[in-house]
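Chemist: Can you keep this structure in mind? I'll have questions shortly.
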Amino acid sequence: MKKSFGQHFLKDESIAKKIIDAAEIKEGDLVIEVGPGAGFLTKEIICRSPRLCESERGNTKLVLIEADRDLIPNLEKNYSQAQIIQKDAAQVDYDEITKNRPWKFISNLPYNAGNAIIMKALSAKNPPGKMVVMVQKEVAERMVALPGDMSLLSVAVQIYTDPKIIFDVKAESFVPPPAVTSSVLVLDFEKKCENPEAIIKLAKLGFLARRKQLHKNLATVRIAPSAKIKEILLSLKLSEKSRAQELGVIDWVTLQSLL
């Protein structure tokens, strides 16, 4: 099988079973799988919940989103009971697909577009209640990072979810094998504030120069004077010399509200 759109296709059945176990799929769930490829995970989804694809008031319960048009005919042949969409998952309107129904997101994400796809789903008006995704291990570790090692990605993911790495996957579990180890994460949706995008926008400015102190980064772009930012940092029991990576998500929420 060809490598497509930066994706490495899973071939280890035991890993597929563990991913679907983590999704905790129940009868009646709406499930969206991104990048099904040849349907390796799809088959396990259906085996675990045979009635998943039955029609209910005209709505399918399994949606497959695949960017590679060459893979669509095989998916249509083997999984005709699913709704199949040929599109870049980072450009999909998830609200249009889900129509306010609770849903779950499962994916062996392509390395080159995984972050954009995750954020597109999380920022929907009707986001997934649970995501189970496989990404490069280094990316997974950034998503779950703690204050001191935070990044813009850490803030963006954690403002919407409680992410947990549940296991790693070796290169030999894929075809073609990647040059890196992968990790599977569970992201349980738990929005930390009413306007996550405002927090992400502020954090983006704070991370403009990681080596600079936060008050300098924010003052440079005229968010507030350095003295004001230092005062807020001290009120959060942080050093006035703190850098962006030292703030946790709740610190960013409080900082934004006080600014």
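The values are calculated or read from the model by the stated rules, or taken from the named source; none is laboratory data. Fair warning: this is a prediction, and the values are worked out from it, not measured in the lab. No Cβ is skipped: glycine too gets one built from the backbone with ideal geometry, and neighbour counts run over all protein chains shown.
Chemist: So is Leu214 more than 19 Å from Ile118 (Cβ to Cβ) and at pLDDT 95 or above or not?
Modeler: Numbers: more than 19 Å from Ile118 (Cβ to Cβ): yes; at pLDDT 95 or above: yes.
So Leu214 fits the description; yes.
Chemist: I need the full set of residues from the stretch 184-204 which are more than 30 Å from Ser173 (Cβ to Cβ), touching a residue at least 40 places away in the same chain (Cβ under 8 Å) and not in a loop (DSSP other than H, G, I, E, B), in order please.
Modeler: Within the stretch 184-204, Pro196, Glu197, Ala198, Ile199, Ile200, Leu202, Ala203, Lys204 meet the criteria.
Chemist: Considering only the stretch 180-222, state which residues are out of contact with any helix residue (DSSP H, G or I) (no Cβ under 7 Å at 6 or more places or on another chain) and over 27 Å from Met131 (Cβ atoms).
Modeler: Selection gives Arg211, Lys212, Gln213, Thr220, Arg222.
Chemist: Between Ile232, Ile165, Ile159, which is more than 29 Å from Leu41 (Cβ to Cβ) and surrounded by 15 or more Cβ atoms within 10 Å (Cβ to Cβ)?
Modeler: Ile232
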